[in-house]
Structure formats: C-alpha cells, structure tokens
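Heads up: the structure comes next, in structure tokens.
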Amino acid sequence: MRRGVIAVLCLLLAGCGDPQFRPLMAGETILAFGDSLTEGRGASPSQSYPSVLANLSGHTVINAGVSGELSQAGRARLPALLAEHRPGLVILLEGGNDILRNSGESALKANLAAMIEAVQGSGAQLLLVAVPRKSLLSDGAPLYGELAERYQLVLDDSSIGELLRSPDLKSDMVHLNGKGYAVLAERIHGLLQDRGAL
C-alpha cells in the first residue's frame, strides 16, 4: 500500500524520476550537433540557437550543424567532433531530412542510436531534441521517445513541432527565423536548468 502511495506521489511531482544531468563545470563545452536547424538556416549566424544558447548559458557552444545532412552522414561525422571538442554535453537535433525525404524511420532510429552510443561512450551527457513527422499537429516522432526511454535521456519532445506551427517564428516551411531560434535556445536553456546541467 505504501509503495502505491509513493508511486502516485511520484507521478504527481513534476520531474520525479525523470533523467537528470550532472552540473556542467565552468569551461565545459556544449556541442550542438545536427542539420540546418542547428546550423541556423533562415537567420544570421549570430541568431542560430547555438549562438543564443552560448550567451544564455555562459558556456562555449560549438555549432556543428550541417544543412541538408541525413542521419547516416551525421553518424559518420560525429565521432571526430567528440574527439576534437571533448564536450561535457551534446545536444542532438538530427533526423529532419530523413523524415522529409521519407528515408525510413527504422534506418533513422538505428543511426540515432549509434550517435547516442557514441556520445555516451565519450563520457558526454546528451539532450535529445525530437523532430516531428510530416504532420501539422505532430510533436516529436515516436522513435525519439523510444530512444530516450531506452537510453534514459533527457528529451525535448515538443519544441520543434510547436515552433514550426507558429508562422511568425519561421523563415520557410521547415526552418525557423531569428526569433524562432531565440525561442528554441530559451527553451533548451530552461530544460538544461530544470534538469540540473546549468
């Protein structure tokens, strides 16, 4: 009976049992890895979410976004960046091009899993940012939640979908504008604070 009460209380408390980060130490680098949404297409480089996040967090944020990248290419590219920068935390926002090109969710999931394992193997922490399916009302594609559960990751499941449903925050159908990237950076910054990284 007592266990049941504790379980119910845990469910009622926001964040109870959710994955947490260890605090980033001064000087630790954040690696923002992904495609055009990380690169900041549709805005100036200073308006990209990694640039805004660097200002908000006080940490160096490496913008490792490559416009048009598919997850298979990201999987091949990531290990060298992990070795070069030795980040304390990686923000992984990859998969939009796979979904837009109907490349197959099973291949995307396998590539993301390999990237997650590479990050965890390097000793870095990881924030997974979900990309929506091609649907106006979609939040993150379910595969992101499945990966977050499997690897016990902090997941931002809704930001990209919500921002892309706001016309005033977009530069085109699939990219944000400067205002949109600022909101994304603020949401990521808030999540990093809530889960203990900052």
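Per-structure values
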read-out: Portion, in percent, of the accessible area of the chain that falls on carbon or sulfur, probe 1.4 Å; value: 55 percent
read-out: Tail weight of P(r) past 16 Å, computed on alpha-carbon pairs of segment 27-131, percent; value: 53 percent
read-out: For segment 101-160, average projected area of the Cα convex hull in nm²; value: 4.2 nm²
read-out: Volume per residue that the Cα convex hull of the chain spans, once the total is divided by residue count, Å³; value: 125 Å³
read-out: Partner lysines for K109 [C-alpha distance under 19 Å; skip if fewer than 8 residues away on the same chain]; value: K134
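The values are calculated or read from the model by the stated rules, or taken from the named source; none is laboratory data. Only a predicted model underlies this, so the values are computations on that prediction, with no experimental measurement involved. Side chains are part of the model used for accessible areas, which takes the heavy atoms of the whole protein and leaves out ligands, DNA and RNA. Shrake-Rupley method; radii C 1.70, N 1.55, O 1.52, S 1.80 Å.
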